[in-house]
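> Got a structure for you, questions after.
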Amino acid sequence: MNQEKQVWAKKSTFIFAAAGSAIGLGNIWKFPYMVGENGGGAFVLVYLLCVLIIGLPLMMSESIVGKYSHGNAIDAIRATSKDSNASKFWMTIPIIGFVCMFLLLSFYSVIAGWALDYTYGFATGKFNGISAKDVGGIFDGLLASPTKMIIWHTVFTAATAFIIGKGATDGIEKALSVMMPLLVILLVAITLYSAFATDYFAAGVKFLFEPDFSKITLSVVINALGQAFFSLSLGMCAIMTYAAYMRDDVSITESSVWVVILDTAMALLAGLAIFPIVFANGLEASGGPGLLFVTLSTAFAKMSAGTILGFGFFFLVTLAAISSSISMVEPVVKWISEKFNTSRKSATYLYCFVVWVFGLLTVFSFSNGDTFIIFGKTPFDIIDYFTANILLPLGGLLLALYIGWVLNKEISKKQLFTLNGFIFSVWYFIVKFIAPVLILIILVSMVLGEEKVNQIISSIFG
Ligand code: TRP
C-alpha cells in the first residue's frame, strides 16, 4: 500500500479486498440454509432480484462516498455531507454500520469456529468412512459443547485480531489470491461429485432454479433482502472503508459489477454443491444452520479422498471467513485509531475482546438453546434477525436516500466517470427512487406483519 496517499497500488486490489469481504460464511454457510428454509427457487429468484436492483446500485453508492473522501467511514460521511451542506442526521449511517458490524462479528466468529472444528476433525480423521447418522451426531456433539465452541470462537477472534493488529491485511490478501481460487476449484469438484456420484443433481438444480411462485411470501422477501445485504457486505460502511483505499483512476462501476458477480456465483455454486447431497442422503433441506456442516461432511465421509478434501474445504472456508471478519473489524479500528490517535494494536485487541465476550451469547444460544431464550427465540436468532433483516436494510435505505437526495449529484457523476449519461441516469433513478421505495415497503410490511400485508394486497388487487 502506498502509505502517503493511502491508496492501494494495484487497480485490482479493491476487487480482491471487497470480494474477500463479500465472499464468506454468507455464501457458503448461510445462503444454502436460507434457500432450504425459504422455499428453494422462490427465494433464489427474489434474492437475485434484490442483488441486481438494490445490491449493485448500493455497492456503487457506498464506494462513491469512500473513494471521494479517502477516510474512515465516519469522516467520509462527515466530509461528503459538509461538501453538500447536509445535516448531522446522516451520521446515523456509520453509527448503524458500526453497531451492526459489532453484532455480526459476534456470531460470525462462532460459526467460523465450527469450520475450524471441522478442519481439525478432518485432519485427525474423525470422519473417515463413518455413517450419515454419525456425521449428524458429530455436529450435535459440537453444539452440545460450549467449551469446544468457546475455544474455536477464541482462536478465530484472536486470528482476526492478530491480522488486523499487525496491519497485515496486505499479506492476507496475497494469501487469498491463491486460496480463493482453490476454494472455487474445491466447490466445483464437490458440485461435479454431486452431478456424477448422486442421482439427485437434477433435483438439486430444480430446487434452486425452478421457483414455485406460491412460495413467495412476505417473510421470503424479507429474508432475501437481508441475505443480499449480508452477503454483499452492504449497508455497514465496510465496502465504503475499502473504497477509501481505491486509486482515483479505478472504475467503481466495473469493480462493483465484478464483486457482485463473484459473490453471487459463489453462493449459487455452494447451493449446487449442497442440495443434491441433501436429497441423495434423505437429509432435510430446511435443516437450518447445521446444513453445510452435516451435508458436506456426509459426502466427504463416503469418498475415498474425503479426509483430505474435507480438511481442505473447511480450512478454505475458515480463510474465506477471516477475509470477511477482518472487513468487519477494519472500519472500526481505522476510525478508533484515527480519532483517538491510539495505536492500531491496542484499538484492535480491546475491540475484539468486547466482541468476543458478546459472542458468548451465540455460543450459549446453540449449546443451551432450550434454556437460553428471550421472547421465544435464542439470542443468536434475535441478533441474526435484527442485523440482517432490520439494521442492514435500514443502513441501505439511509445510504440510498443520502446519495439520491442529499449528496451533491456532481460528486456521484464525477466518481462514476466511466458511465455514459443514460446509464448514469438509470443508476441515479434507482438509487433515488426505486431502491429506497422497495426497501421502505419491505420494512413497513415487516412492521405491519404478514396478515395485514395480505389484506392490503388483496384490497388493492381485488
Ligand atoms: N459478506 C460476508 C459474508 O457473506 C459477511 C460480511 C463481512 C459482512 N463483512 C461485512 C456483512 C460487512 C456486512 C458488512 O460472509
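The values are calculated or read from the model by the stated rules, or taken from the named source; none is laboratory data. Computed from a predicted model, the values in this text were never measured in an experiment. We place every Cβ from the backbone using ideal geometry, glycine too, and count neighbours over all the protein chains shown.
> Could you please find all residues in region 256-311 being among the β-branched types (Val, Ile, Thr) and closer than 21 Å to ALA228 by Cβ?
Answer for region 256-311, where residues must be among the β-branched types (Val, Ile, Thr) and closer than 21 Å to ALA228 by Cβ: VAL257, VAL259, VAL260, ILE261, THR264, ILE274.
> Further question: In the list VAL431, VAL426, VAL453, which residue meets the criterion of being touching a helix residue (DSSP H, G or I) at 6+ places or on another chain (Cβ under 7 Å) and farther than 26 Å from PHE98 by Cα?
VAL453
> Right, here's the next one. Of all residues in region 208-233, which are assigned to a loop (DSSP other than H, G, I, E, B) and away from the ligand (no atom under 14 Å from the Cβ)?
GLU210, PRO211, ASP212, ILE216, THR217
> Does region 200-212 contain any residue that is within 27 Å of PHE386 (Cβ to Cβ) and aliphatic (A, V, I, L, M)?
First, pick out the residues of region 200-212 that are within 27 Å of PHE386 (Cβ to Cβ): none.
There is no residue in region 200-212 that is within 27 Å of PHE386 (Cβ to Cβ) and aliphatic (A, V, I, L, M).
> Still on this model: Take the residues in region 150-207 that are hydroxyl-bearing (Ser, Thr, Tyr) and not in a helix (DSSP H, G or I); name whichever of them is nearest to PRO32 (Cα to Cα).
Among those residues, the one meeting the criterion is TYR200.
> If you take just the helices (runs of 4 or more DSSP H) that sit entirely in region 1-68, which of them hold at least 2 residues that are more than 14 Å from the ligand (Cβ to nearest atom), touching a helix residue (DSSP H, G or I) at 6+ places or on another chain (Cβ under 8 Å) and more than 17 Å from GLY204 (Cα to Cα)?
Per the criteria, 13-22, 41-50.
> Looking at region 80-87, can you tell me whether even one residue there is at pLDDT 90 or above and in contact with a helix residue (DSSP H, G or I) (Cβ under 8 Å, 6 or more places away or on another chain)?
Taking every residue of region 80-87 in turn, none turns out to be at pLDDT 90 or above and in contact with a helix residue (DSSP H, G or I) (Cβ under 8 Å, 6 or more places away or on another chain).
Table: residues versus (1) closer than 30 Å to ILE336 by Cα; (2) within 16 Å of the ligand (Cβ to nearest atom); (3) at pLDDT 95 or above.
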site: ARG78; (1), (2), (3): yes, no, no
site: THR92; (1), (2), (3): yes, no, no
site: LEU103; (1), (2), (3): yes, yes, yes
site: ILE111; (1), (2), (3): yes, yes, yes
site: GLY121; (1), (2), (3): no, no, yes
site: ASN128; (1), (2), (3): no, no, no
site: VAL135; (1), (2), (3): no, no, no
site: ALA159; (1), (2), (3): yes, yes, no
site: PHE162; (1), (2), (3): yes, no, no
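> Among the candidates ALA347, ALA400, which residue alone is crowded, with 19+ Cβ neighbours inside 10 Å, modelled with pLDDT under 95 and assigned to a helix (DSSP H, G or I)?
The unique qualifying residue is ALA347.
> Residues in region 424-435: is at least one of a type in the set (Ser, Thr, Tyr), modelled with pLDDT of 95 or more and farther than 24 Å from ALA79 by Cα?
yes
> Next up: Suppose we filter region 362-378 for residues that are assigned to a helix (DSSP H, G or I) and over 19 Å from the mean Cα position of the chain (by Cα); how many remain?
Final tally of qualifying residues: 5.
> Residues to consider are MET246, MET236; find the one that is more than 16 Å from the ligand (Cβ to nearest atom), assigned to a loop (DSSP other than H, G, I, E, B) and buried (at least 24 other Cβ atoms within 10 Å of the Cβ).
Within the list MET246, MET236, the selection yields MET246.
> Same structure again: Does LEU443 satisfy being more than 26 Å from the chain's Cα centre (by Cα), surrounded by 13 or more Cβ atoms within 10 Å (Cβ to Cβ) and modelled with pLDDT under 95?
So LEU443 does not fit the description; no.
> Another question, then. Hey, LYS339 hits all of (1) within 14 Å of the ligand (Cβ to nearest atom); (2) more than 25 Å from ALA224 (Cα to Cα) but one; which does it fall short on?
LYS339 satisfies all of (1) within 14 Å of the ligand (Cβ to nearest atom); (2) more than 25 Å from ALA224 (Cα to Cα) except (1).
> For ILE308, are the conditions met, namely being surrounded by fewer than 20 Cβ atoms within 10 Å (Cβ to Cβ), within 16 Å of the ligand (Cβ to nearest atom), on the phi < 0 side of the Ramachandran plot and not hydroxyl-bearing (Ser, Thr, Tyr)? Talk me through it step by step, then tell me what you get.
Values: surrounded by fewer than 20 Cβ atoms within 10 Å (Cβ to Cβ): yes; within 16 Å of the ligand (Cβ to nearest atom): no; on the phi < 0 side of the Ramachandran plot: yes; not hydroxyl-bearing (Ser, Thr, Tyr): yes.
In short, no.
> May I pose another question? Just to be sure before I move on: is LYS302 among the basic types (Lys, Arg) and either closer than 26 Å to ALA76 by Cβ or within 16 Å of the ligand (Cβ to nearest atom) (or both) in the structure I sent? Write out each step before concluding.
Details: among the basic types (Lys, Arg): yes; either closer than 26 Å to ALA76 by Cβ or within 16 Å of the ligand (Cβ to nearest atom) (or both): no.
So LYS302 does not fit the description; no.
> Just to be sure I understand, how many residues within region 352-393 are within 15 Å of the ligand (Cβ to nearest atom), surrounded by fewer than 19 Cβ atoms within 10 Å (Cβ to Cβ) and farther than 18 Å from LYS30 by Cβ?
Here the count works out to 0.
> Now, a different point. Take SER256 and tell me if it is in a helix (DSSP H, G or I) and farther than 30 Å from THR13 by Cα.
no
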